[in-house]
Amino acid sequence: MKQTKKRVSYIKNQKPTNIEWILNLLDQIPKYQLQQSNMKKISAAQLSNLQECDQLLKSSLYTFDTKINKFTQMQFTLYPNMLIGDNQEYLVLSSCIMTKKVIQYKEFTAQGVQLLNSQGNLFLFYESYVQQLNWEKQLKRFSKLQNFSNKYTIQEKLSIQNHYACVKNKNNRVYTVQLIRLSSLSEQLYEALMNEINILMCFKQNGLHQFHSLFEDGDILYILYDYWVGDTLYKLIQQGFKLTASQIAQIIFQIIKVVRFLHQNNLYHGAILPTNIILHRVTAPQSQQGQQLKITLFNFAYRDANQYSLAWLNKRVPKQWIPPEFNNLQIKPEFSNIDGYQIGVFLYYLTFHTNTNKSQLSFYKSLDNFKIDYQWLKSIKQEQQKEYSFSLIELLCGLLDPDFKNRITLNNALAHQWLTNQRQKQNGQNEKPKILPSLRTILELREQSSCEMLSSRLGKEELHVTSSSEDDVEFCDDEYIHRISKENNKIPYYQNILNLIPNKHPSRSKQVIDQCQESQF
């Protein structure tokens, strides 16, 4: 420990230093790794589009130049999940495993990182301690880290498949982690998964998972999110949970806002199903129970518009969720209208559909008798039947119009009278709302969870529920003392569960795993 503190103190006190001679003098990195660059050429059009994004960092770093076969300084610009060199080459950081590199020569030290993927390596070294802090903090946000089991302790399984509550050993903060066995994914599913991760890395938006960090150890991928507790909406409906009109309006309002945000960034979801919507358990104090329900739209269905097709939709969603124009070969569908139509189907489902033997049916089986009757909706609207809300029927007709050209836009849907009226009713209610049967305060959650048991074992130390506003990136993570015994860590147990899944595909990253050294991050 004393040696580590001395080394860190030395780095802190040093000013920007030319370390090029150390890197080129010592032969500590194998030549074949230096020659295998994973940087790719970027087109002028792509670079122009990227420059419209906010730059996170821009400075000169030491890297190996394959043209002159030596380390030299090069200017790099960091965008969200994208590193661009002044040689017009780029690297997607989420495809790389980040490991620490230290080159020592007598009392001189060169600090840097290795960014490794199946295409090759990129070595970056810093000229000062301040530069090291700034770059490592940002690179950790987007790159794959390692040694998850040394840094986190899994405590309990959540209701969503492959999701668990875990605690960071260093500071006892609580996170939600998703475990995925990479060799069980097809190439298509893997690309879809990484597509969602890339999106969540770059955006912070209510209604989407709040991404924290990504780990890859062997065949297991660990995706860390801010801590949440909840169930899929379909599971709650199966359990007999009935939504009021006000609660349905709250859910629809939030979904429209999330989808509109995706559309503004040229992204689409394409699978707005009750199985892809998490309804969070409200953890506010009793005096604030009037707050609206919180939902998260998840599942890796995010696509570029030109990737949609009828075949893709048939694999992703039930036939009722496919807009009618996709079955008409004479019409070229407007892909931006898919999500709007599916929101209409989802609202129709919540309003009119009832299941029998709910607990025994899968979602697809529960839809055997489910049909969108647009003509019936029109007749109700025309006759203005008092048993139905006229404004609700009007909104449904606008979202579900068979002619996609006549459908209501998301902006107009957000401002629709039915949503406005229901939200005003909710805001004006003084009585305690019926939200979730599992409604609990933060105190009750801690008392009833295994995390509270952990807190009692730690004496006076507390568990901190994470939020996206907290900056939890720190330097020298390898220097902490474990406060939680590894005997209590349930990661090996849950890895064994994942291993029971049939192995459909050999590991795609054996070369990467073989080359990786143990990470210092």
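Of note:
- In the complete set of protein chains, residue-level accessible area for K378 is approximately 80 Å², probe 1.4 angstrom.
- Placing K381, K144, K31 in order of accessible area, with the largest value first and a 1.4 Å probe, yields K31, K381, K144.
- For the set F125, F253, solvent exposure ranked by accessible area (probe 1.4 Å, protein chains only) runs largest to smallest as F253, F125.
- Normalised by the number of residues in the range 80-226, the average gap of Cα pairs under 8 Å and 6 or more apart makes the relative contact order 20 percent.
- Each of E89, E187 has its accessible area taken with a 1.4 Å probe; listed largest first, they run E187, E89.
- Modelled FRET efficiency - R0 35 Å, L47 with T351, Cβ distances, 0.05 increments: 0.15
- Using the Cβ of Q161 as centre and a radius below 13 Å, the other residues enclosed give a net charge of +2, where K and R count +1 and D and E count -1.
The values are calculated or read from the model by the stated rules, or taken from the named source; none is laboratory data. This is a predicted model, so every value here is computed, not measured. Methodologically, a virtual Cβ is constructed for each residue, glycine included, from the backbone with ideal geometry; neighbour enumeration extends over all protein chains shown. Only protein heavy atoms, including side chains, enter the accessible area calculation; ligands, DNA and RNA are left aside. Shrake-Rupley method; radii C 1.70, N 1.55, O 1.52, S 1.80 Å.
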